1. Please work out the Cα convex hull volume for the range 2-103 and give it in Å³ per residue.
2. For the range 2-103, what's the relative contact order in percent, using C-alpha pairs closer than 8 Å and at least 6 residues apart?
3. Could you give the length gained on full extension between residue 72 and residue 3, defined as 0.36 nm per residue of separation minus the Cα-Cα distance, in nm?
4. With axes computed from alpha carbons, what is the tilt in degrees of helix 2-45 against the longest principal axis of the chain, rounded to the nearest 10 within 0 to 90?
C-alpha cells in the first residue's frame with residue numbers, strides 16, 4: 001500500500017518542485033530587470049550617452065534583454081524587458097520587464 005502511495009505522490013512532488021524553481025527563475029529575472037532599469041536611469045540622469053546607458057543596463061539585465069531610453073522634458077525613462085524560459089522541457093516563455101524614471105541632473109541637457 002505504501003508503495004502505491006509513493007508512486008502517486010513522487011511525480012506530484014517533482015511537479016511542485018519544478019514549479020517552485022520556475023517561479024524563482026522568473027522572479028530573479030524580474031529583479032534583474034528592475035536593477036538594470038534603475039542603473040540605466042541613473043546613468044542617463046548623469047548625462048551619459050544612450051549607448052552607454054544601454055551598456056550599463058545590459059550588465060545588470062538578464063540575457064537577451066531589450067533596453068529603451070527615452071528623454072522627455074527634464075526626465076529620462078529607461079525600460080528593460082526580457083523573455084525568460086524558466087526550466088524543463090516545456091518551453092514556456094514569460095515576459096518580464098521594468099521601467100525606471102529619473103530627473104536629469106542640473107546642467108544636463110535633454
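Readers should treat all values here as calculations from the given coordinates under stated rules, not as data from a laboratory. Computed from a predicted model, the values in this text were never measured in an experiment.
1. Taking the convex hull of the Cα positions in the range 2-103, it is 86 Å³ per residue.
2. 29 percent
3. Taking 0.36 nm per residue and subtracting the Cα distance, the gain is 18.3 nm.
4. That helix lies at roughly 0 degrees to the long axis.
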